[in-house]
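The values are calculated or read from the model by the stated rules, or taken from the named source; none is laboratory data. Treat the numbers as computed from the prediction; the structure is a model and nothing was measured. Note: ideal-geometry Cβ built from the backbone for every residue, glycine included; neighbour counts use all protein chains shown.
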Amino acid sequence: MAKDLIERVTGSRWFLASARLALVAPFLTSAIAKLVDPTGATAEMQQFGLTPAGLFAGFVIAVQLAGGIAVLVGRCSAIAAGVLALFTLAATLLAHPFWSFADPMLWALHRNIFVEHVAIIGGLMLAASLSARR
């Protein structure tokens, strides 16, 4: 009985739509913020030594928007989730190298963000796997 209820809830359209939205919310909100503030987006790329910064900002926006929308609407979800997972891995290694901080507060902050991003990567891997099976 409980198994049937769980399958009914987790297989429902609203549940899957909510899960997809939750999974891509960080990407879509980040892309929108960068579109609203292109100077800030470029400065962010410069902060990480990425040049040409404007080109990298455009690339990041494109990946976040295209990947986020594709996963959200269920089109090419496995590929989009895989691309977002690889993007998140690269961005996390670049932006949150917690092992390089001597300050315990910065170490803890970046380690926590790093691990949270690993969880997002895991969610994207699951989404890719589940999408590929449909």
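Inside the stretch 1-109, counting only helices (runs of 4 or more DSSP H) that do not spill past its ends, which hold 2 or more residues that are in contact with a Phe, Trp or Tyr (Cβ under 8 Å, 6 or more places away or on another chain) and surrounded by 12 or more Cβ atoms within 10 Å (Cβ to Cβ)?
The helices (runs of 4 or more DSSP H) meeting that bar are 53-73, 77-95.
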Check your understanding: Does residue 120 count as part of a helix (DSSP H, G or I) and either among the aromatic types (Phe, Trp, Tyr) or more than 23 Å from residue 14 (Cβ to Cβ) (or both)?
Key -> no
Looking across the stretch 60-75 at residues that are free of Cβ contacts under 8 Å to residues at least 24 places away in the same chain and among the small types (Gly, Ala, Ser), the single one that is farthest from residue 44 (Cα to Cα) is 70
Flag for residue 55 being out of contact with any Ser or Thr (no Cβ under 8 Å at 6 or more places or on another chain) and in contact (Cβ under 8 Å) with a residue 12 or more places away in the chain | no
Based on this model, can you work out whether residue 131 counts as at pLDDT below 95 and either more than 30 Å from residue 10 (Cα to Cα) or of a type in the set (S, T, N, Q) (or both)? yes
